[in-house]
1. Give the aspartates and glutamates reachable from Lys87 as a straight Cα distance under 16 Å; neighbours fewer than 8 places away on the same chain don't count.
2. Could you sort the peptides 228-237, 2-11, 293-302 by per-residue average Cβ neighbour count (10 Å cutoff), highest mean leading?
3. Need the full-extension length gain, Tyr472 to Lys14, defined as separation in residues times 0.36 nm minus the C-alpha distance. One decimal, nm.
4. At 1.4 Å probe radius, can you tell me the per residue accessible area of region 248-431 in Å²?
5. What aspartates and glutamates does Lys337 reach when the alpha-carbon gap must be under 13 Å and sequence neighbours fewer than 8 apart in one chain are set aside?
6. Do you know the relative contact order of the chain, to the nearest whole percent, from alpha carbon pairs under 8 angstrom that are 6+ apart?
7. Straight-line reach from Lys447: which lysines have Cα under 18 Å away, leaving out those fewer than 8 places along the same chain?
8. With runs of 4+ DSSP H residues as the only contributors, calculate the mean residue ellipticity of the chain at 222 nm using -39,500 (n - 2.57) per run, divided by the residue total and rounded to the nearest 500.
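The values are calculated or read from the model by the stated rules, or taken from the named source; none is laboratory data. Given the structure is predicted, the values throughout are model-derived calculations rather than measurements. So basically every Cβ, Gly included, is an ideal-geometry build from the backbone, and we count neighbours across all protein chains shown. Heads up: the accessible areas ignore ligands, DNA and RNA and are worked out on the full protein's heavy atoms, side chains in. Shrake-Rupley method; radii C 1.70, N 1.55, O 1.52, S 1.80 Å.
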Amino acid sequence: MYYINGEWHESDQKEQITNPATLEVIDTISVCGAEETKVAIAAAKEAFKSWKKTTGDQRSAYLSKTVKLMKARVDELAQIITLENGKPLPDAKREVLGAISYLDWYAEEAKRIYGEVLPASHKDKSLMVIKQPVGVCGAITPWNFPLSMITRKLAPALAAGCTVVLKPAMETPLSAIKVFECFHEAGLPKGVVNLVIGPDAEGIGKELTSSTDVRKLTFTGSTFVGKKLVRDSADTMKKVSMELGGHAPYIVFEDADIDLAVEGVMLSKFKNSGQTCISTNRVYAHKSIAEEFAEKLAKRTAELKIGDGLEEGTDVGPLINKKSLDKMKEQVEDAVKNNAKVVTGGNVYDYEDGDGYFFEPTVILNATDDMVIASEETFGPIAPVFTFESEEEIVEKANNTLYGLAAYCYTKNLGRGLRMMKELEFGIIGINDPAPIVIQAPFGGIKESGMGKEGGKFGLEEYLEEKFVSIYEN
Ligand code: NAD
């Protein structure tokens, strides 16, 4: 099923959607491709003519109605996320509530799009800046947060007065279909939101990037694909927002609260089976506390319950696909070859003799810079522990990555915390905080982790153009 110009469509081309915990088919859906994307862009272009003229209050009302409809379906939405993505049901529920909160926040922000009056440099002139929606937006989202990544883009876009063509990940299109059902029920005018689902990501992507009618592309996914989309968008000089990969350092100083730091890794590394772009990739423990820290971390990690996300008490679900599972095996093998010591986990997990993509939550000691895991994004449940001896050394090591999304630092020393805040070259810094993500804050990276921000007032600006108006009062 895909959704264009206010209507659901079926096609002869079908794709099966499977549960990564069991490999059972959850659903078989109609899909589409480049041709339908062209039609969706045309629908969004037509709808933009009137949507851009709506008031903030009107757009707010549509978003609020969608919030109400989604709130009535929280359990159903959470169930779908767990089935197609694999994450434990309570985490899926948290994602649904988070996804709703973006719509809720931007329903309010839609009413607060202000311009500015500038001081004139001529006595007979008036100068002002007005803000207007960018136009038709293409949005491409990943599978790791199949619902919240959609609303984090669509809520500000719609609030700003843009219309949208969304392409979700082929692994998790069912969450997207559900949220579009809510948009439909909320009565969003035809063509304001369009959903294209299909396995030809490149073909759909090409339509979005090459179209002169698409004025903005917003993407969350890998750096590799992000770079290609930026290159392809250059010919039509689109505005782009890129939320890409990361390689977060997690620094534990000798003066840190060790237990707190251990619990932080549990959250930052193992939630969503490590498949989060701000996930910890490199744990750095100060040499003087490394042994105690690693021992506690290994103990807590070994306690995690692996299983189907629908099963009560599951802490860690499956990975999304075989490619991810293979990557875990390769990273561990490479680390062991380079003298790392696996203290817990390290293997594929055989859950109930099934075919699911499970990997044991893993802690590796004696990690060194020459290991693949030191530079390649893991996107899975492996925590390599490195050691360091000085502040100067750790700043250098932490910043030694092409990525710049998130970094974490544990210390009780305020001055040190502030120095880290300034020195770490990342877009998001958590100081004694493993979850530095709130709706009002700008979420996004620097360097090869992307450009542009999502969340809060910052996220809204990405969908607005500033227009300068100079008036001569003759
Ligand atoms: P991916 O880049 O392969 O896929 C992401 C999306 O892009 C999917 O919808 C996919 O179908 C689509 N896509 C793939 N190739 C395309 C193409 N040529 N043209 C247009 N669309 C295309 O990413 P993945 O491997 O599935 O997801 C994991 C990656 O995403 C990780 O690197 C992770 O760090 C990153 N990610 C980043 C954030 C963030 O906010 N920074 C959030 C989630 C995931």
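1. In chain and number order, the partners are Glu24, Asp75, Glu76, Glu95, Glu171, Asp308, Glu311, Glu312, Asp315, Glu360.
2. On the way: 228-237: 15.2, 2-11: 17.3, 293-302: 19.4.
In descending order of packing, they fall as 293-302, 2-11, 228-237.
3. 158.9 nm
4. On the way: 7810 Å² over 184 residues.
Each residue of region 248-431 exposes 42 Å² on average to a 1.4 Å probe.
5. Output for Lys337: Asp370.
6. RCO, the chain: 19 percent.
7. Hits, sequence-local ones excluded: Lys227, Lys228, Lys239, Lys397, Lys422.
8. Rounded to the nearest 500, the figure is -12000 deg cm²/dmol.
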